[in-house]
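Please read the structure below before turning to the comments.
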C-alpha cells in the first residue's frame with residue numbers, strides 16, 4: 001500500500017489525467033464486453049462464460065484482417081461481424097440444446113468452448129503474444145491535456161464505446177425490437193405466444209452480444225497485446241462489472257465498468273499488486289449490501 | 001429383512017482400501033501411485049463440493065479457496081512450528097473450517113446466483129492476498145522450501161509408498177465420513193432444502209443454519225484435500241486457490257454425477273486420467289478435454305454415474 005504516492009498523484013493534474021484516461025479505456029472496453037454479457041443474461045438467463053472467447057477471437061480476427069488489408073476500419077468491422085456470426089452459431093449449435101437444463105450444464109459447455117478455442121488460437125496464430133501496433137492513421141503526436149498525455153486513439157475508442165452505449169439504450173427503450181427484447185426478458189413464453197419468433201430473437205441477442213465482444217477485442221488490439229489467455233481475464237472482470245451493476249442492466253454495466261476502470265487506473269498507484277483485491281472487495285461489498293447490484297432488479 | 005446401510009458403506013470402504021493398499025505389494029508403479037495420491041486429494045475436494053452442489057443445491061464457485069487454505073495452513077504450520085504432523089493436520093482443518101464458517105456467514109443468505117458470484121469473489125480476494133502477501137506466502141512463486149516430513153504412526157512420508165498409503169487411508173476415511181453425513185438426518189434435511197426450501201422452512205428448519213453447517217463441513221473436507229495436496233507437492237502454490245482449480249472440482253462433480261455419492265470421485269478420476277493421458281500425446285490438451293466435456297455434456301446431459309443409474313434403475317448406486 002502506498003497512499004503517499006496516491007496522494008502525490010492526485011495533486012498533479014498530469015498524473016490525474018493520465019490515470020483517468022487509462023482507467024477510462026479499461027472501463028469502456030469492459031463495458032462493451034459486459035453489455036453483451038448482461039444483455040444475454042437479461043433475456044436468456046444464461047451466464048455466458050464463453051463471452052471472453054468472443055473478445056479474444058474478435059481481437060485475433062482484426063489482427064489478421066489488418067495484416068491482409070492494412071485498413072483498421074475493416075479490421076474492426078470484420079472482428080465485430082465475425083463474432084456476431086459466431087454468437088449465432090454458438091447459440092444455435094450448443095447453447096440452445098441446454099436451455100432449461102441445469103445451470104452447471106451450461107457452465108460446462110461454455111468452459112469446453114473456452115478450452116477448445118484457446119487451443120485453436122494457439123494452433124492458428126501461435127502461443128506467443130502478438131502486438132498489432134497502433135494503426136498508421138493514429139500514429140500522430142498525442143494530445144496534451146492539462147499536462148497529461150492522451151493518445152488520439154484513446155479518444156476514438158472512448159467515442160465508439162460511448163456511441164454504442166447510447167445506441168444500445170435508445171435501441172432498447174425506443175424501438176419495437178427493443179420492446180420485444182425487454183418483454184422477452186420478463187416472460188419469454190408470453191412473448192412467444194403473442195406471435196414473436198423467440199428462436200430468432202434469442203439468436204439475435206447472442207449476435208449482438210458476440211458482436212459487441214468482438215468489437216471490444218478489435219478495439220483493444222492496438223492498445224493491448226493479443227494472447228490465447230486474454231479472453232478469460234476479461235471475462236472475470238466483465239463478470240464482476242455485471243454483478244456490481246446488476247445482472248441485465250445496461251446502465252448498470254456502464255457505471256460499474258467505469259468504476260472498475262477508475263479503481264484500476266488509480267489503484268495501480270495507491271495499491272500496486274493488490275488492485276485485483278480492491279476490485280473483489282468492491283464486489284463483495286456490493287453483493288452483501290445490495291445483492292441485486294446497483295441498478296438491478298431482484299432475481 | 002433389515003439392511004444396515006452404514007455397515008454396508010463401511011464394508012465397501014474397507015474393501016476399496018484393502019485393494020488400493022494391496023496393489024503396491026503386487027506391483028510397484030510410481031506413475032500409478034502418484035495418480036492415487038493426487039486422486040485422493042481431488043476426490044475429497046470434489047466430493048466435499050458435491051455436499052453443497054448435489055446435496056444442498058448451493059452452487060459454490062469458490063470452493064478452491066478452502067482447498068488452498070488447507071494447503072497453506074498445513075504447510076505454514078509445518079514450516080514455522082515444531083508441531084507433529086497430525087497436530088498440524090488437525091490445526092489446518094480447524095483453520096479451514098473456521099474460515100468456511102466466516103465466509104459462509106456472509107454468503108449463505110444470498111440467492112442461488114448471487115451465492116455463486118460471491119463465493120467466487122471471496123475466493124479471488126483470498127487469491128489476491130496470497131499473491132500480494134509475499135513475506136508470508138512467497139507470493140506467486142508459492143510456498144517453497146519443502147514441508148518437513150516428520151514420521152507419524154510409523155509412516156515415513158518422505159517415501160512415496162508411505163505417502164501413498166497415508167493418502168489412501170485419509171481419503172477413504174474422509175469419504176466414509178462424508179457418506180455418513182450425507183446419509184444422516186442432517187443430510188436428508190439438506191436434500192429437502194434443495195428440493196423445496198419453503199416446505200423445509202415450514203417444518204421449522206432454520207434454512208441459513210443448515211446451509212451454514214453444510215458450507216462449513218464442505219470447507220473442512222476441502223481443507224483435508226488441500227493438506228494431502230500440500231503433502232504431495234511438498235509446499236503450497238497460489239494455483240491451488242485459483243478459480244481454475246474450483247472449476248476442476250465443479251467439472252469433476254458434473255462429469256461424475258451430482259446425484260450419486262461416488263459420482264465426484266469418478267469424475268475426478270476421469271479428469272485426472274484425461275489430463276495425464278492427453279498431455280502425453282499432445283500439447284493441445286485443452287482442445288481434447290473441451291471436446292470430451294462437450295461430448296459428455298451434450299451426449300449424456302448428466303454425469304456418468306447419474307446416467308448409468310437412469311439407464312439401469314435400481315442397480316448402480
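The values are calculated or read from the model by the stated rules, or taken from the named source; none is laboratory data. Note that the coordinates shown come from a computational prediction; the quantities given were computed from them, not determined experimentally. Glycine also receives a Cβ, built like all others from the backbone with ideal geometry; neighbour counts cover every protein chain displayed.
The rows are residues; the columns are (1) farther than 16 Å from residue A:231 by Cβ; (2) surrounded by 15 or more Cβ atoms within 10 Å (Cβ to Cβ); (3) modelled with pLDDT of 85 or more.
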residue	(1), (2), (3)
A:107	no, yes, no
A:112	no, yes, yes
A:125	no, yes, yes
A:138	yes, yes, no
A:160	yes, yes, yes
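Restricting region A:178-189 to residues that are surrounded by fewer than 12 Cβ atoms within 10 Å (Cβ to Cβ) and not in a loop (DSSP other than H, G, I, E, B), the residue that is nearest to the chain's Cα centre (by Cα) is A:186. Kindly evaluate residue B:253 against the criterion of being within 10 Å of chain A (Cβ to nearest Cβ) and within 29 Å of residue B:186 (Cβ to Cβ). The answer is yes for residue B:253. Facing another protein chain (nearest Cβ under 8 Å), under 22 Å from the mean Cα position of the chain (by Cα) and touching a residue at least 40 places away in the same chain (Cβ under 8 Å), is that true of residue B:268? Considered against the rule, which asks whether it is facing another protein chain (nearest Cβ under 8 Å), under 22 Å from the mean Cα position of the chain (by Cα) and touching a residue at least 40 places away in the same chain (Cβ under 8 Å), residue B:268 comes out as no.
Within region B:105-116, restricting attention to residues that are more than 13 Å from residue B:61 (Cα to Cα) and part of a helix (DSSP H, G or I), the residue that is farthest from the other protein chains (Cβ to nearest Cβ) is B:105.
Is it fair to say residue B:227 is buried (at least 23 other Cβ atoms within 10 Å of the Cβ) and either at pLDDT 90 or above or touching a helix residue (DSSP H, G or I) at 6+ places or on another chain (Cβ under 8 Å) (or both)? Yes, satisfied. Each residue in region B:272-307 was checked for being away from every other protein chain (no Cβ under 14 Å) and either free of Cβ contacts under 8 Å to residues at least 40 places away in the same chain or assigned to a loop (DSSP other than H, G, I, E, B) (or both), and 2 pass. Considering B:59, B:103, B:53, B:108, the condition of being in contact (Cβ under 8 Å) with a residue 12 or more places away in the chain, under 23 Å from residue B:142 (Cβ atoms) and in contact with a helix residue (DSSP H, G or I) (Cβ under 6 Å, 6 or more places away or on another chain) is satisfied by B:103 alone. Only one entry in B:71, B:16, B:10, B:75 is under 23 Å from residue B:268 (Cα atoms), surrounded by 14 or more Cβ atoms within 10 Å (Cβ to Cβ) and touching a strand residue (DSSP E or B) at 6+ places or on another chain (Cβ under 8 Å), namely B:71. So is residue A:196 over 27 Å from residue A:159 (Cβ atoms), without any contact (Cβ under 8 Å) to a residue 40 or more places away in the chain and in a loop (DSSP other than H, G, I, E, B) or not? Yes.
Are any residues in region A:4-25 outside any helix (DSSP H, G or I) and either closer than 20 Å to residue A:258 by Cα or in contact with a helix residue (DSSP H, G or I) (Cβ under 7 Å, 6 or more places away or on another chain) (or both), and if so, which ones? Listed by number, the list is empty, since nothing qualifies. Restricting to region A:203-261, and then to whatever is assigned to a helix (DSSP H, G or I) and in contact with a strand residue (DSSP E or B) (Cβ under 9 Å, 6 or more places away or on another chain), can you tell me which residue is nearest to residue A:92 (Cα to Cα)? Once the filter is applied, the top-ranked residue is A:217.
Condition check ((1) away from chain A (no Cβ under 11 Å); (2) surrounded by fewer than 23 Cβ atoms within 10 Å (Cβ to Cβ)) across all residues:
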site: B:43; (1), (2): yes, no
site: B:52; (1), (2): yes, no
site: B:62; (1), (2): no, no
site: B:86; (1), (2): yes, yes
site: B:95; (1), (2): yes, yes
site: B:101; (1), (2): yes, yes
site: B:125; (1), (2): no, yes
site: B:129; (1), (2): no, yes
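Taking the criterion of being facing chain B (nearest Cβ under 10 Å) and in contact (Cβ under 8 Å) with a residue 60 or more places away in the chain, the residues of region A:237-261 that qualify are A:239, A:242, A:247.
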